[in-house]
Amino acid sequence: MASHFSSIGLPIKSERDFIDYFKKTVQNGQSIKTKFGTYLKWDVHDGVELWAQLSEQNEAIGLNPHYSGSSRMQVSLQSKNNQPNDTILDGGFYAFLGDSDENMMGEGIPFVFDAPNFAVYEGISLPQLATVQIAAFAHEIAVFESETEYFDSQDSEMKFAAESFIPSGLFSPDGEANVFLSAQAIFSGRILECQKKKNEFTCNNYWWIKVGLLGGEIDVVSDVSLLESQSVKVGGIVTGSFWLSGKIISK
């Protein structure tokens, strides 16, 4: 079964697997101390990262994956965002796509992304413009060789553009605004680069797809099982639903 971890070639089939990855991250990771606890960042291979979390009492409290790719996106960071079940080291940001004055004033396309190193930004001044790297972990994904094929695949009278972005984590299934915002999005974009990669630690494959959309770029990663029998090529269109994990590159 596909998961955020298998999207970067790290399959977790049991609680024991999860604990083993946590222990390896603690053993191999770089320590990043914060006011609320400690992150252990393990650069597994070729952009694949695991972030273990230790409380101030040095207790294990969490483990999150991230993929550090070459994509960059300009955003206007508006506020911090947390979920009810977050650990003290979990969290993310509510932001707007783009770096214009209008976005600073709260206009544009809103979205939320989680940050594996969220507590590092404890003293960040908001709102502000920033360059971020966003990794989109595929929940559902499809690719098309051309815009024509993509448009023809849509049955509804209203068709989504080849580059579109819906911040699905901001809304409930009935269309009402969520009280707690989540880092989920449905988007489509153009394939700028792509590669079926091998995680050298586990020898498991996964897909990396650099996607261009709405003036920015996103690193899409996917379990290979979600793209079986699909032709992933530069110039095609990718669409799907994703979890967004991001890091601030510059402010």
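Taken together, the values in this text are just the output of simple stated rules run on the coordinates, not laboratory data. Given the structure is predicted, the values throughout are model-derived calculations rather than measurements. As a convention, Cβ positions derive from the backbone with ideal geometry for all residues, glycine included, and neighbour counts pool all protein chains shown.
A simple packing score, the average count of other Cβ atoms within 10 Å per residue, orders the peptides 218-227, 43-52 as 218-227, 43-52, with the highest score first. Rg of the Cα atoms in the range 73-250, relative to 2.2 N^0.38 Å, amounts to 1.05. Taking a straight line from the alpha carbon of LYS41, these lysines sit under 25 Å away, with near neighbours fewer than eight places off in the same chain left out: LYS13, LYS23, LYS24, LYS33, LYS80, LYS196, LYS197, LYS198, LYS210, LYS247, LYS251.
By other beta-carbon atoms within 10 Å, ranking MET158, MET73, MET1 with the fewest at the front produces MET158, MET1, MET73. Going from the residue with the fewest nearby Cβ atoms within 10 Å to the one with the most, ILE32, ILE109, ILE8 rank ILE32, ILE109, ILE8. Sorted ascending by nearby beta carbons within 10 Å, beginning with the fewest, CYS194, CYS203 become CYS203, CYS194.
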